[in-house]
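J.: For reference, the structure I am asking about is given below.
The values are calculated or read from the model by the stated rules, or taken from the named source; none is laboratory data. Quantities reported herein were computed from a predicted structural model and do not represent experimental measurements. Glycine also receives a Cβ, built like all others from the backbone with ideal geometry; neighbour counts cover every protein chain displayed. We work out accessible area using only protein heavy atoms, side chains counted, and drop any ligands, DNA or RNA first. Shrake-Rupley method; radii C 1.70, N 1.55, O 1.52, S 1.80 Å.
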Amino acid sequence: MQKRLLLLIGLLLVVAVALAACSPETETVEVTRVVTETETITEEVPVEVTRVVTEQETVTEEVTRVVTEEVVVEVPSDVSGVVIPRNETLYSNGQQWGPIVCWNPYSSNCNNAMAITQNDNARVIMFETPYAYNLLDGKQYPLLADGDYEWNDEQTEITFKIKPAAYWSDVTPVTAEDVAYTWDSNVKYETNAGANFGEYIESITAVDPQTVLVKAKLDENGKAVNPLLVASYLSTNYVIQKAWTETLEARSGGDPAAFKADGAVDVVSSGPYTRFFDDDTKVIYIRDDNYWGQDESMWGKLPVPKYLGHQIFKDNAAGFIALQAGEVDVSQQFNANIQELWLDQGLPISTYLPEAPYGIGASLPTAFYNLTSPGLDNVAVRKAIAIAVDYDTIIANAMTNQSATFEQVPRSLMNPTPGEQALYDQEAVADLQWAGNDIDGANALLDEAGIVDTDGDGWRDIDGEKLSYVATCPNGWSDWQAAIEIVAAAGEEIGIEITTNYPEWSVYQTVVTEWPLPEEGYDIFMMWSDGAGPTQPWGRIRHLLSSEFAETQGNWNGNWGGYKNPEVDALIQAIPGESDPDALKQIYTDLVEAYLTDIPSFTLMYRPQNFHSVNESVWTNFPHADDGTDPPVPPMNLTDGWSVAGLYNLELVNP
């Protein structure tokens, strides 16, 4: 006679996982897997449950867990040979570069791209935000939240509710108290979220178990200092379980550095996938089949793939080969001449848009000047380099036309979308805009400034010091590297020595985000800018130009070159409280003028918010333009913001 037992498996299983998509042959790897799910078994067995604790001791405990559905499985006596079927796994690349460091959602240094990315389009496969942003229509859709949020009449407070169906991976409810405690912890332990929003949010409190009250900080006139940022917090930052946070606090002794440095392998999450396996070649997430989102109040079903896999490649070239071979389903990297894969090779590969630029241009990859480097504190030098660069070659060769040109969309602080382009007076700044490859103009500018070659070595100098710089970006980011080479070539044309260097991303990220920048090696360096989001274009401009980020440490926000301009700061600060369209247009025009005059950095290309190339050898029904989805699913790799909805639409090519 069968007897059903509820069992919380907290076993440390060492299993051989065959990752079928990693190579043409099945690859077997040793996997340490922590399983934290309840299963029902159909045999009589003595149950002893063990868990791994931070002191590396094994303890026996009795756990009672409530589940919403019963899953009948057989537990074999010999756990081995667990295989990840290709037709149950969606493979990605281009998000994760290098091995994962930690699983701590309070940390900004986990290098855990698929699981922990909190920005305008936060990644929500493992941790979730109250709302999910959709770049296609500019709306924030309820995720953990139950319905739209509401401002009070004075626009100083936001109220929203948590879905009653939402619960954590340990099957305890997600509550308003979790939201409130997350905010308090961000402030107390000086996380990025606390630093970024602390000046704008006064408090987040639980009115009752389901109701959250967000109070904005007020200015001297009793108005919210920045209502844009207050609202954006709801779709950019995760809700983290209070009970687990308290465990983390106890473990770290209340020390902010230890709190953020904790590896957090025991973290509790609310999203549809959880940690399964990771090493320096791949990351695998497994679907939580008890995920709350299958409730009718959210998706009404589970996401289709049982596993999400992410291949970690050294560079874009390796990722391109994997996409071409069908080993990658969704590619978030630059793939040169992507159209040749379907036009010339007839492969089942496509992009969101069928023709150039193939994606929605939303972000502005930018070359930043280190304004402390000798000579780069001189605007004539900065402008000369910027106007000499051959951007058409960057777009045609480095980007293989996956970008609009600066003739088509003149440079400013705006992305190419019609909505942003309408926000400033283009005629008012037309004389400041440049399309590039103006070698004569650059040389004339330097000559007029008295910056010439005084010793006949072929290089210009200032006060006897040769103008010699190193331009850099991460190794393996082929579109960026090609762009940097073109920047270096422009320098040679105007008598400024620019060499190139390409450190690994794992090194690069630790350098450019910490001030001061090195005296050598990072004179001109590439970083991104904001794409589309609920605060844009204000948020992008703030991150590019605001002095609040200049010369700071742990800076993942922007203004990495150290630019400071009080007049620009005042204009940036005026935007969130301004509602008059004409006044806003004038402010944005003034900011564009300042940027194109001072040139603390310069945009090299227009880039899709995310590259989004898909191979439909295994899976189909990916997001494409005009695919009829409502709300429309954006091309954000089925991980970012509302694009996670695409995981529920996938179908197998061969069921």
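J.: Just checking: which of the strands (runs of 3 or more DSSP E) contained wholly in region 468-538 hold 3 or more residues that are touching an Asp or Glu at 6+ places or on another chain (Cβ under 8 Å) and not basic (K, R)?
T.: Where strands (runs of 3 or more DSSP E) fall fully within region 468-538 and carry at least 3 residues being touching an Asp or Glu at 6+ places or on another chain (Cβ under 8 Å) and not basic (K, R), they are 468-472.
J.: Has region 627-635 got at least one residue that is over 19 Å from G326 (Cα atoms), in contact with a strand residue (DSSP E or B) (Cβ under 7 Å, 6 or more places away or on another chain) and of a type in the set (V, I, T)?
T.: no
J.: Could you identify the single residue in R540, R460 that is more than 18 Å from L376 (Cβ to Cβ), open to solvent by less than 50 Å² (accessible area, probe 1.4 Å) and of a type in the set (K, R)?
T.: After applying the criteria, what remains is R540.
J.: Touching a Lys or Arg at 6+ places or on another chain (Cβ under 6 Å) and either free of Cβ contacts under 8 Å to residues at least 40 places away in the same chain or among the hydroxyl-bearing types (S, T, Y) (or both) - does that describe any residue in region 406-413?
T.: no
J.: Can you tell me how many residues in region 490-530 are touching a strand residue (DSSP E or B) at 6+ places or on another chain (Cβ under 9 Å), open to solvent by 10 Å² or more (accessible area, probe 1.4 Å) and more than 28 Å from D457 (Cα to Cα)?
T.: 6
J.: Among the residues of region 139-173, write down those that are out of contact with any helix residue (DSSP H, G or I) (no Cβ under 8 Å at 6 or more places or on another chain), β-branched (V, I, T) and either buried (at least 18 other Cβ atoms within 10 Å of the Cβ) or in a loop (DSSP other than H, G, I, E, B) (or both).
T.: Across region 139-173, the qualifying residues are T156, V171.
J.: Find all pairs meeting these conditions: Cβ atoms under 8 angstrom apart; at least six residues apart or on different chains; first residue within region 382-397 and within 12 Å of L596 (Cα to Cα); second residue crowded, with 24+ Cβ neighbours inside 10 Å and of a type in the set (S, T, Y).
T.: R382/Y369
J.: Further question: Taking region 539-593 on its own, how many of its residues are over 21 Å from V429 (Cα atoms) and of a type in the set (A, V, I, L, M)?
T.: Looking only at that region, the number is 1.
J.: Filter region 436-467 down to the residues that are in contact (Cβ under 8 Å) with a residue 24 or more places away in the chain, polar (S, T, N, Q) and either touching a strand residue (DSSP E or B) at 6+ places or on another chain (Cβ under 7 Å) or not in a helix (DSSP H, G or I) (or both) and list them by number.
T.: Of everything in region 436-467, just one residue is in contact (Cβ under 8 Å) with a residue 24 or more places away in the chain, polar (S, T, N, Q) and either touching a strand residue (DSSP E or B) at 6+ places or on another chain (Cβ under 7 Å) or not in a helix (DSSP H, G or I) (or both), namely N437.
J.: Under the condition of being assigned to a strand (DSSP E or B) and open to solvent by less than 10 Å² (accessible area, probe 1.4 Å), which residue from region 117-132 is nearest to D630 (Cα to Cα)?
T.: The qualifying residue nearest to D630 (Cα to Cα) is A132.
J.: Scan region 307-325 and report the pairs whose first residue is touching a residue at least 12 places away in the same chain (Cβ under 8 Å) and hydroxyl-bearing (S, T, Y) and whose second residue is open to solvent by 10 Å² or more (accessible area, probe 1.4 Å) and part of a helix (DSSP H, G or I), with Cβ atoms within less than 8 Å and a gap of 6+ or a chain change.
T.: Going by the 8 Å Cβ cut-off, the qualifying pairs are Y307/E88.
J.: Can you tell me which residue within region 608-623, out of those that are farther than 16 Å from P634 by Cα and touching a Gly at 6+ places or on another chain (Cβ under 8 Å), is most open to solvent (accessible area, probe 1.4 Å)?
T.: S617
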